[in-house]
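Shown next, in structure tokens, is the structure this report addresses.
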Amino acid sequence: MPSLVSALALLSVLPALCAASTPSLLAESKKELFLSAPTFAVVGASDDETKFGTIVFKTMLEQGLDVVPINPFIPESQGVSCLGSLAELADPARTSISVVTQPAVTLEILRQASAIGIFSVWLQPGAEDDAVLEFIANSTMGVTTYIHSAAPLPGAARRSSESSPICTGGETPDLISTLAR
Ligand SMILES: *[C@@H]1O[C@H](CO)[C@@H](O)[C@H](O)[C@H]1NC(C)=O
């Protein structure tokens, strides 16, 4: 089983390479989990092409993902009918959502997402504030996994200037740059 052997070999060098980088590795595996869902939604996609939520939605469509926009204030985004809320999702437990909303709205979205058992939540940069991060920290027992750009960890700047591909990135996860890789 060569892949297992190489995985074990990789694990054994990781502590030496990335002593303080566990959060980055965690972020990478959470991204893979997020992207493994069969269906997606973007909360905050709009009819304004310049808004980040619309750009996120458009990027996911272009990647061929099965994705719907959620926005109660407009009928459609990029020609796709909007759902009015998370409650309208057909299969929340198999849906990953990208959240591109103001922090005060985000907190309410996360409460709903947790209540209906959304598979995975990815907060795009700017969608979170301290209350949102506290909600996520409080949610360790739930089924939903969360990706967000928490405050940089001490030493993050030093690590990101190193050249190891394993150790860099992850401090400010962003769906577009991940999909564009
Ligand atoms: C997190 O949990 C604490 C303790 O139960 C509670 O006081 C606080 O309101 C919770 N925060 C959020 C944002 O849900």
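Odds and ends about this structure:
- Failed item, numbered, when Ala150 is tested on (1) surrounded by fewer than 15 Cβ atoms within 10 Å (Cβ to Cβ); (2) away from the ligand (no atom under 14 Å from the Cβ); (3) at pLDDT below 90: (1)
- Residue in the range 44-55 that is surrounded by 18 or more Cβ atoms within 10 Å (Cβ to Cβ) and either of a type in the set (D, E, K, R) or assigned to a strand (DSSP E or B) (or both) present: no
- Within the range 134-147, the only residue that satisfies the criterion of being crowded, with 16+ Cβ neighbours inside 10 Å, over 12 Å from Arg111 (Cα atoms) and within 16 Å of the ligand (Cβ to nearest atom) is Tyr146.
- Residue selected from the range 90-105 under the condition in a helix (DSSP H, G or I) and within 16 Å of the ligand (Cβ to nearest atom), by the criterion surrounded by the fewest Cβ atoms within 10 Å (Cβ to Cβ): Ala104
- None of Thr50, Thr39 is over 13 Å from the mean Cα position of the chain (by Cα), modelled with pLDDT under 95 and more than 16 Å from Val105 (Cα to Cα) except Thr50.
- The residues of the range 106-133 that are within 16 Å of the ligand (Cβ to nearest atom), in contact (Cβ under 8 Å) with a residue 24 or more places away in the chain and either assigned to a strand (DSSP E or B) or of a type outside the set (D, E, K, R) (or both), listed by number, are Thr106, Leu107, Ile109, Leu110, Gln112, Ala113, Ser114, Val121, Leu123, Ala127, Ala131, Val132.
- Condition check for Ala137: modelled with pLDDT of 95 or more and either assigned to a strand (DSSP E or B) or not acidic (Asp, Glu) (or both): no
The values are calculated or read from the model by the stated rules, or taken from the named source; none is laboratory data. The structure presented is a predicted model; accordingly, all values stated were derived computationally and were not measured. Neighbour counts are summed over all protein chains in view; Cβ atoms, including those assigned to glycine, are modelled from backbone coordinates with ideal geometry.
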